[in-house]
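Written below as structure tokens is the structure these notes are about.
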Amino acid sequence: MRGENEETIFLKDYAETPYVVEQVELDVRIAPDTSTIRAFLTLTPRAATAPGTPLVLDGEELTLRSIAIDGLPLALTAYETTATGLVVHQPPNKRFVLETEVAVEPEKNLRLMGFYRSSGTWCTQCEPEGFRRITYYYDRPDVLAPFKVRMTADRKLAPVLLSNGNLVEQGTVGNDQHYAVWEDPFPKPAYLFAMVAGDLGSIHDEFTTASGRKVALGIYCTHGKESECLYAMDSLKRSMAWDERRFGREYDLDIFNIVAVSDFNFGAMENKGLNIFNDKLVFAKPETATDADYINIESVIAHEYFHNWTGDRITCRDWFQLCLKEGLTVYRDQEFSMDERSRPVNRIEDVRQLRQTQFPEDGGPLAHPPRPDRYKEINNFYTATIYEKGAEVVRMLATLLGEAGFRRGMDLYFERHDGEATTIEAFIKVFEDSSGQNLQHFQQWYLQAGTPELDVRDSYDPASQTYTLELTQTNPPTPGQPEKQPLVLPIKFGLIGPNGSPMSWASVAGAEVRDEMIVLDRASATVTFTGIPNKPVPSLLRGFSAPVTLTTNATEADQLFLARHDSDPFNRWQALQDVAMKLMVGAFRGTAWTDAQVGALAEALEETLNSKELDAAYKALAMSPPNEQSVARTIEHDVDPDRVHAVRGELITALVARLAPTLEKIYLTNDSRLAYSPDFQQTGRRSMKNTALSLLVQGGASGADKLAREQYERALNMTDRLSALSISVHSWTADAQALLGDFRTMYTADPLVLDKWLALNAGAPDDGVVDRVRAILAAPDFPQNNPNRLRALMATFGMNNPTQFARADGAGFRFLAEFVGDVDKRNPQVAARVLTAFRVWRSYEPGRRAEAEKALKALHDAGSLSRNTADILERTLAG
Ligand code: TRP
Ligand code: ZN
């Protein structure tokens, strides 16, 4: 059913390598067209290794030029090269040095894995399996070794030569060449190896660690972009200080470098001492970067820096444990951004992202547990489940153990596992050992896929003054996991009395209740509170304390009450979302809302917007109704995206009819001409202002289109300009096309701004979008090999254009599937990622479902797909 075959890799088959790598020395000659890598690997058989056990190393697209052991060339019969690597049939029975020389062609490497060239700069990407495209090696995360790397290149083409660790030697060779020797004292797996050679500008700074060591910091970039790296540098220094404060983690080398490159498959990469970044996550200036860009830069710089401890010093035993480093590191970067900005606002945004990216994954054909037990292509497991759900699982652990208890566990983790490649089980064990709690049941979160559904019904008995919550969890089946166990759900809650203040109780029974948290570890429980004088309104799952979908018997009146009185800011926001969602889903199913219902929602919104204690960023979130995708997800089956779009538009129109004066006032009072700063206060005010404008335009308020056009024209920063443009495009106003044209000509030279234009084009809801995007893609100067450009256009079309991707005539599905077939020949990772847009295909109404299936089958029948894309396609069709 899941199409497992000989390509499937299973967790249960894990075994150590028969040979240990003690030391790696590389001698790399970098030159246009062909570069060569000589590798000297010091290898020793393990005690248990039978004499003569073959040495089987990974290798891909390498041309072997010579091979020797302990200086003696090997006979042709002593070894063999295959499509996947190198076999030395009978290596020595004691320590030996394997010496190989291979040739590679970075300029032809369009997959951007291994050694490749990006706009003139030579660079590497090794995670997860790219090192095998550089030299023959045990390309797996449990093989740790110290690396020493000599790089030689032309002085003009590549004045900058960087690798991991410390620079120990450099000099010239003849007239044109030079070399640098880098040594990394920390044993590391090959996926953390990195090397950069090119003609780059740079900025430099310094950080003094808590124990007084000076670390030289550098950020390298295209010449001319240096001043755009300052915010990244500032973020780096704040990250370094935060990790010392919050987790007691100091940086461990004398140098920390970051390089920004233009062609990159992912956001960034945590190579030891030499992080490599997608340049969109480094470059920022107010005229071209939005507030959202600044926020992303800050969090990804932090993420990669934090990997130094959670990823590099302690790494993964195998790729099944990916979430050990990624989930934990996302948790850490989320906490950092919360401390730097706002806890409630960031929490809401993180949950919005989880619901938007992870929930559809978990509820569809690509669902998998945070710790999978099988895969065909590991690149397809860098998912929202591994990252975002992985972070939620760590967050629950912190919730269950408390801040101090969690910190004690983390301290033990660093102490016990430093220098190791370890597992999820070992991670859980440190928290058991440091807290004395049994976490075996909790661990099931890592092993089970799917989003739990939590249902809570309350009732009140005035006679006995008891209040009861009946909790039920359901864990739906997912591909390969038909049956599920109940999970451990930490449910933070509060009871709110009729006057809006918190209510306490005399006693509580029926489940484990600690302070204001119910720990539900069974399928169902009935929790009874005594000494309750009036019926309270419950505030459940405060702070979104578990990644579940929650249903309750709360009335609209209860939810509006929570929107006013809940002391938990997350639930206050959630209550407004819930009311809007209820109205939209009801209308979709044929029950139109009444005037009184919209009126009540508008009133609650107005009260929130007028609140003195809430900040602007929070208010902006409160006034944004759930997006079309989340409405579709709540409807679940037989979705017609056009009707979802229409219903949402009608609700906004109805709200704006009541709120226009308030929104206009917000717009005017938050429109500032202050010098730009990306700080939380200013960002919040811009966000509130632009959300107000967006609602006014969507709701058809008179003069709003003109306001958007004027803002576009007189904007002083990219946030305001792009917001105005995006608002016009998403409502496809009379100005939209002209403004798009203007934006295109204004920023022709800046590729990162071009991405914004591409995304706007691809996300517009007008009927011309497929033809327009097709034409953009077919233009002779379109950068066909750049992942940022391709994703801005096609991932946006697939993921953020719900009506046009899922057009009833199937044209959107066909367009995306054809694109995937084409780009798969050049960059399988980009192709596979874009294809995941189809993961929701079974939720459409029958006509669209049939069209989606046809497009997927046509892609399948066209044949010769990469392993990446074939894996996603097979699972999407099967699940
Ligand atoms: N480890 C990187 C991170 O911080 C992820 C990553 C970077 C990656 N480049 C990649 C994953 C290429 C797969 C392929 O999250
Ligand atoms: Zn990461």
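Only the coordinates and a few stated rules stand behind these numbers; no lab work does. Not measured: the values here are computed from a predicted model. FYI the Cβ positions are ideal-geometry reconstructions off the backbone, even for glycines, and counts take in every protein chain you see.
What is the Cα centroid distance between the range 788-809 and the range 335-394, reported in whole angstrom?
One Cα centre to the other: 21 Å.
Where the convex hull is taken over the Cα atoms of the range 315-447, what is its projected area averaged over directions, in nm²?
Averaged projected hull area, Cα only: 8.3 nm².
Take the alpha-carbon centre of the range 399-436, take the same for the range 167-243, and report the distance between them in whole Å.
Cα centres, the range 399-436 to the range 167-243: 31 Å.
Mind checking which of ALA806, LEU816, ALA870 is farthest towards the positive end of the range 747-879's charge dipole, using Cβ charges of +1 (Lys, Arg) and -1 (Asp, Glu) about the Cα centre?
Value: ALA870.
Considering only Cα-Cα distances, which of the following residue pairs are longer than 28 Å: LYS325/LYS689; LYS280/LYS325; LYS12/LYS484; LYS429/LYS484?
The pairs that break the limit, which is 28 Å between Cα atoms, are LYS325/LYS689.
Consider just the alpha-carbon atoms of the range 3-103 and return their Rg together with their Dmax, both in angstrom.
15.1, 46
By per-residue mean of other Cβ atoms within 10 Å, what is the highest-first order of 343-355, 172-184?
343-355, 172-184
For the chain, calculate the relative contact order in percent as a whole number, restricting contacts to Cα pairs under 8 Å that are 6 or more residues apart. Write out the running numbers ahead of the final one.
Numbers: 1682 pairs, mean separation 73.3, N = 879.
After rounding, I find 8 percent.
Among residues other than ALA778 whose Cβ falls under 12 Å from its Cβ, what is the net charge (Lys/Arg +1, Asp/Glu -1)?
Net of charged neighbours comes to -2.
Rounding to the nearest 20 debye, state how big the charge dipole of the range 315-447 is about its Cα centre with +1 on each Lys and Arg Cβ and -1 on each Asp and Glu Cβ.
240 debye
Can you show me the helix-derived [θ] at 222 nm for the chain, built from DSSP H runs with n ≥ 4 at -39,500 (n - 2.57) apiece and divided by the number of residues, rounded to the nearest 500. Before the final figure, lay out the partial values.
Working: 27 runs with 343 residues, N = 879.
When only DSSP H runs of four or more count, the value is -12500 deg cm²/dmol.
Just need the Rg to Rh number for the range 572-632, please, alpha carbons only, Kirkwood Rh.
That ratio equals 1.00.
So, counting K/R as plus one and D/E as minus one, what does the shell of residues with Cβ under 15 Å around HIS645 add up to?
It works out to a net charge of -2.
Picking from VAL644, SER567, ALA692, whose Cα lies most toward the positive end of the charge dipole for the range 554-702 (charges on Cβ: Lys, Arg +1; Asp, Glu -1)?
Looking along the dipole axis, the top candidate is ALA692.
For the range 1-198, compute Rh as the Kirkwood radius over C-alpha pairs and then the Stokes-Einstein diffusion coefficient at 20 °C and 1.002 mPa s; write the answer in µm²/s, rounded to an integer. Don't skip to the end; give the middle numbers.
On the way: Rh = 17.6 Å.
Estimated via Stokes-Einstein, D reaches 122 µm²/s.
Under a crude label model (7 Å from the Cα following the beta-carbon direction), how far is ASP33 from TRP505 in nanometres?
Distance between the two pseudo-spin positions: 7.8 nm.
Could you work out the equivalent-ellipsoid semi-axes for the range 554-702, taking the square root of 5 times each eigenvalue of the Cα gyration tensor, largest first, in whole Å?
Semi-axis lengths for the range 554-702 are 26, 17, 15 Å.
Quick one: compute the contact order of the range 1-198, relative version, from alpha carbon pairs under 8 angstrom and 6+ residues apart, as a percent.
The normalised contact order for the range 1-198 reaches 22 percent.
Restricting to the chain, compute how many DSSP beta bridges are antiparallel as a %, nearest 5.
Roughly 80 percent of the DSSP beta bridges within the chain come out antiparallel.
Compute the orientation-averaged projected area for the chain from the convex hull of its Cα atoms and round it to one decimal in nm².
Seen from a random direction, the Cα hull of the chain projects 37.3 nm² on average.
Kindly write out, for the range 706-715 in residue order, the coupling ³J(HN,Hα) from the Karplus curve 6.51 cos²θ - 1.76 cosθ + 1.60 (θ = phi - 60°), rounded to whole Hz, with x marking Gly and Pro.
5, 4, 5, 5, 5, 4, 4, 6, 9, 4
How many percent of the alpha carbon pairs in the range 484-575 exceed a separation of 19 Å?
On the way: 1693 of 4186 pairs.
In whole percent, the long-distance tail amounts to 40.
Hey, got the dipole for the chain? About the Cα centre, +1 on K and R Cβ, -1 on D and E Cβ, debye to the nearest 20?
That gives the chain a dipole magnitude of about 420 debye.
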